[in-house]
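Participant: Quick one: this structure, given as structure tokens, is what I'll be asking you about.
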Amino acid sequence: MTMPNTQAHADELWQARCNGSLIPFPAQMLTVKQAYELQRAATDASCAEVCGYKIGATADETLALLGLAEPFYGPMYSSETTFAIADTRLDLPLFAAHGPRVEAEFVVCLKHDVRRGKNNLELAELLEHIDWVAPAFEFVGTRYTAPGGSPGTAVIGDFGAHQHSVVGAAYENWRSLELKSHKVSLTINDELVAEGHSGMSIYGNPLEFVCWLLNQPGMAAGLKAGQLISCGTCTGAIPVNTGDLVEADYGPMGALKVQVGALS
């Protein structure tokens, strides 16, 4: 069953994303199917170019908190994806009302077009399609007021909670990395706030989430060469405020640094 007034609600979501406002939670409990319909309608309303997808709720604790049975995905837009230059501080605009939080993640870029065949795509098949892996920040938030009866599915509909992505330098020697345990530390204003590693997820490897994404019913058309997949946090979601200097150390992959601009 399609959500009533899907397009009208999607238009409201996109406007809230653009102007920093909040809208009421959906009046009815959304199914996962309805939530993805809302997400697609919001992308249609945006007329924005999709440059990839973020994956959320990659840990058991988050799944339980949101009342979901499996992770979810949401669109990344070219207009809200920044490629960072080493040692350059980016004045990153975010909206205070959306409650921005930062997550340190691994981003994968595809070398070829790829889609699921008759059977689910396996990691061994995926490897030849990966161009590079990079350190990244995802800034997440919500365009909704206080949660209602379906927080998890509402998050899916709300662009998967995505606000902005910052992608660091491409690491082309990614096959040399141990992506089941690659350490990451996150500091804000020179204070260590979180430590983690690439395997801190239900699948134990960020590349497995690329397979998971391609095996989803909504991804039947596959993904295109050059598209990005942000594979879920390995440091949790940490609140950020105006002027915060956010840095992550990815060891041999390098560091990533951004400055949060004035929260509107």
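Participant: I'd like the full set of residues that are farther than 24 Å from Ser78 by Cα, among the charged types (D, E, K, R) and assigned to a loop (DSSP other than H, G, I, E, B), limited to the range 144-184.
Facilitator: Within the range 144-184, Glu178, Lys180 meet the criteria.
Participant: Okay, next question. Consider the range 6-27. How many of its residues are outside any helix (DSSP H, G or I) and either surrounded by 13 or more Cβ atoms within 10 Å (Cβ to Cβ) or among the basic types (Lys, Arg) (or both)?
Facilitator: The qualifying residues number 6.
Participant: Among the strands (runs of 3 or more DSSP E) confined wholly to the range 61-143, which include 3 or more residues that are in contact with a Ser or Thr (Cβ under 9 Å, 6 or more places away or on another chain)?
Facilitator: 72-77, 101-110, 130-140
Participant: Tell me which residues, restricted to the range 223-232, are closer than 15 Å to Leu126 by Cβ and surrounded by 16 or more Cβ atoms within 10 Å (Cβ to Cβ).
Facilitator: Leu223, Gln227, Leu228, Ile229, Cys231
Participant: Hey, another quick one. Mind checking which residues of the range 195-240 are closer than 23 Å to Val258 by Cβ and over 16 Å from the mean Cα position of the chain (by Cα)?
Facilitator: Glu195, Gly196, His197, Gly226, Val240
Let's see how each residue does on (1) of a type in the set (A, V, I, L, M); (2) surrounded by fewer than 23 Cβ atoms within 10 Å (Cβ to Cβ); (3) at pLDDT 95 or above; (4) under 16 Å from Gly236 (Cβ atoms):
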{"residue": "Gly152", "(1), (2), (3), (4)": "no, yes, no, no"}
{"residue": "Ile156", "(1), (2), (3), (4)": "yes, no, yes, no"}
{"residue": "Phe159", "(1), (2), (3), (4)": "no, no, yes, no"}
{"residue": "His162", "(1), (2), (3), (4)": "no, no, yes, no"}
{"residue": "Val167", "(1), (2), (3), (4)": "yes, no, yes, no"}
{"residue": "Tyr171", "(1), (2), (3), (4)": "no, yes, yes, no"}
{"residue": "Lys180", "(1), (2), (3), (4)": "no, yes, no, no"}
{"residue": "Asn189", "(1), (2), (3), (4)": "no, yes, yes, no"}
{"residue": "Val193", "(1), (2), (3), (4)": "yes, yes, yes, yes"}
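The values are calculated or read from the model by the stated rules, or taken from the named source; none is laboratory data. For clarity, every value in this text was computed on a predicted model and none was experimentally measured. Because the Cβ atoms are built from the backbone with ideal geometry, glycine has one as well, and the counts that use them run over all protein chains shown.
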